[in-house]
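Chemist: Next up is a structure, given as structure tokens.
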Amino acid sequence: MALDITFLGHAGFLLSGNGNSLVIDPFLSGNGLAVHRPEDLSCDYIALTHGHADHIGDTVAIAQHNDATVIGAFEICNYLGEKGIKKLEPGNAGGCIRTEFGWVAFTQAFHSSSYEGRYMGMPNGLVIEFNGLVFYHCGDTGLFGDMQMIGEIYKPDIAAIPIGDRFTMDATLGAKAAELIKPRVAIPVHYKTFPILAQDANGFTPHGVEVRELEPGETWRYGT
């Protein structure tokens, strides 16, 4: 099966294929590098790694426009329900949500999670089985050894790995994460968006893993 992967900028993606579509962490408004607007996106599902503004982003507008189902931590879903979102699938680390395209599993991530001063539950990584292919979005996280176990259990084809430093791993630690996870392809994320972050992917050179840098708005087809 083929999977179309559109990079929305920062840590956001649109995954689509076989009539299904999922948006991850849609930070568009206020993102100077984003080329999409919230109203440009068509999706059935939205999945969120954690509650920071640069990841929740335009979730409310996109969900309302598309009548989309939002998958996220229990506390995030509670908050979105207060904002009028009706289709919600709450979960937490270790859990799995079944979907029309496959499933979304929650993994741990070492970070924080709050929105406008409100606690948004534990941060997560997301392992997404989409039409038979596996996409692991690490979320915002530091390096941790159980990434190797996540790789062994889920065997991801693709991993989106933060490398921007300051709030997540830098490129060198991100490369180590890729070597632990062992995806076929690693996509660097969470860099270049703000001046405080690393401005390039120099040093993200994991041994034995193909690296695919995507520009905001770029679509890459994986598989056949």
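The values are calculated or read from the model by the stated rules, or taken from the named source; none is laboratory data. Quantities reported herein were computed from a predicted structural model and do not represent experimental measurements. For neighbour counting, all protein chains shown are included, and Cβ atoms are generated from backbone atoms with ideal geometry for every residue, glycine included.
Chemist: For residues in region 109-133 being polar (S, T, N, Q) and assigned to a loop (DSSP other than H, G, I, E, B), which is farthest from ARG98 (Cα to Cα)?
Modeler: Result: SER112.
Chemist: Quick check on PHE106: is it crowded, with 19+ Cβ neighbours inside 10 Å, more than 27 Å from MET169 (Cβ to Cβ), touching a residue at least 24 places away in the same chain (Cβ under 8 Å) and not charged (D, E, K, R)?
Modeler: Answer is no for this residue.
Chemist: Also: Would you pick out the residues in region 15-29 that are under 21 Å from ASP140 (Cα atoms), out of contact with any His (no Cβ under 8 Å at 6 or more places or on another chain) and either of a type in the set (D, E, K, R) or outside any loop (DSSP other than H, G, I, E, B) (or both)?
Modeler: Within region 15-29, LEU15, LEU22, VAL23 qualify.
Chemist: State whether the residues of region 126-137 include one that is without any contact (Cβ under 8 Å) to a residue 60 or more places away in the chain and either buried (at least 24 other Cβ atoms within 10 Å of the Cβ) or of a type in the set (Phe, Trp, Tyr) (or both).
Modeler: There is at least one residue in region 126-137 that is without any contact (Cβ under 8 Å) to a residue 60 or more places away in the chain and either buried (at least 24 other Cβ atoms within 10 Å of the Cβ) or of a type in the set (Phe, Trp, Tyr) (or both).
Chemist: In region 134-164, how many are part of a loop (DSSP other than H, G, I, E, B) and among the small types (Gly, Ala, Ser)?
Modeler: 4
Chemist: Of the residues in region 192-217, how many are more than 16 Å from the chain's Cα centre (by Cα) and either surrounded by 14 or more Cβ atoms within 10 Å (Cβ to Cβ) or under 28 Å from GLU152 (Cα atoms) (or both)?
Modeler: 15
Chemist: For region 165-191: of the residues being out of contact with any Leu (no Cβ under 9 Å at 6 or more places or on another chain) and in a helix (DSSP H, G or I), which is surrounded by the most Cβ atoms within 10 Å (Cβ to Cβ)?
Modeler: ALA178
Chemist: In the list GLY32, GLY81, which residue meets the criterion of being assigned to a loop (DSSP other than H, G, I, E, B) and either over 15 Å from the mean Cα position of the chain (by Cα) or at negative phi (or both)?
Modeler: Only one candidate passes the filter, namely GLY32.
Results for (1) over 18 Å from the mean Cα position of the chain (by Cα); (2) over 22 Å from ASP58 (Cβ atoms); (3) in contact (Cβ under 8 Å) with a residue 12 or more places away in the chain, shown as yes or no for each residue.
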| position | (1), (2), (3) |
| --- | --- |
| PHE74 | no, no, yes |
| ASN92 | no, yes, yes |
| CYS96 | no, yes, no |
| SER113 | no, no, yes |
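Chemist: A further question follows. Tell me the residue from ASP44, ASP40 that is at pLDDT 95 or above and either of a type in the set (Phe, Trp, Tyr) or surrounded by fewer than 16 Cβ atoms within 10 Å (Cβ to Cβ) (or both), please.
Modeler: ASP40
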